[in-house]
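The values are calculated or read from the model by the stated rules, or taken from the named source; none is laboratory data. Note that the structure is predicted; figures quoted are calculated from it, not measured. A quick note on method: Cβ atoms are made from the backbone with ideal geometry, for glycine too, and the neighbour counts reach across all protein chains shown. To get the accessible areas, we keep the full protein, side chains included, count just its heavy atoms, and leave off ligands, DNA and RNA. Shrake-Rupley method; radii C 1.70, N 1.55, O 1.52, S 1.80 Å.
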Amino acid sequence: KYKFNEEIYESYEALEKAISDFAADTYDDFLDDCYEEVVVGGFAYPYSMVFRSVDEIAYRCGLSDYEDYLFQDVEEIEDDEDE
């Protein structure tokens, strides 16, 4: 019984890492799709780059929320499969 629970825990950790890696790879694209480029001094910059540079804490909080959103989607899919 203990080994089975540990396997579930390890699988859950692997899933969390995969979602975290995916979010890190796609969050900037998500932001850039949602918001227009920012023009500064006649030069256009991707929204994600400006956001990360101007307020790194808010950027990381948004990334964390995005990870949570992705994880909830996975949990909903798992729940649907169990029914």
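Residue check: Tyr27 meets all listed conditions (1) touching a Phe, Trp or Tyr at 6+ places or on another chain (Cβ under 8 Å); (2) open to solvent by less than 80 Å² (accessible area, probe 1.4 Å); (3) over 17 Å from Asp73 (Cβ atoms) but one, namely (3).
Across segment 38-63, what is the number of residues that are open to solvent by 50 Å² or more (accessible area, probe 1.4 Å) and polar (S, T, N, Q)? Summing the residues that are open to solvent by 50 Å² or more (accessible area, probe 1.4 Å) and polar (S, T, N, Q) in segment 38-63 gives 1.
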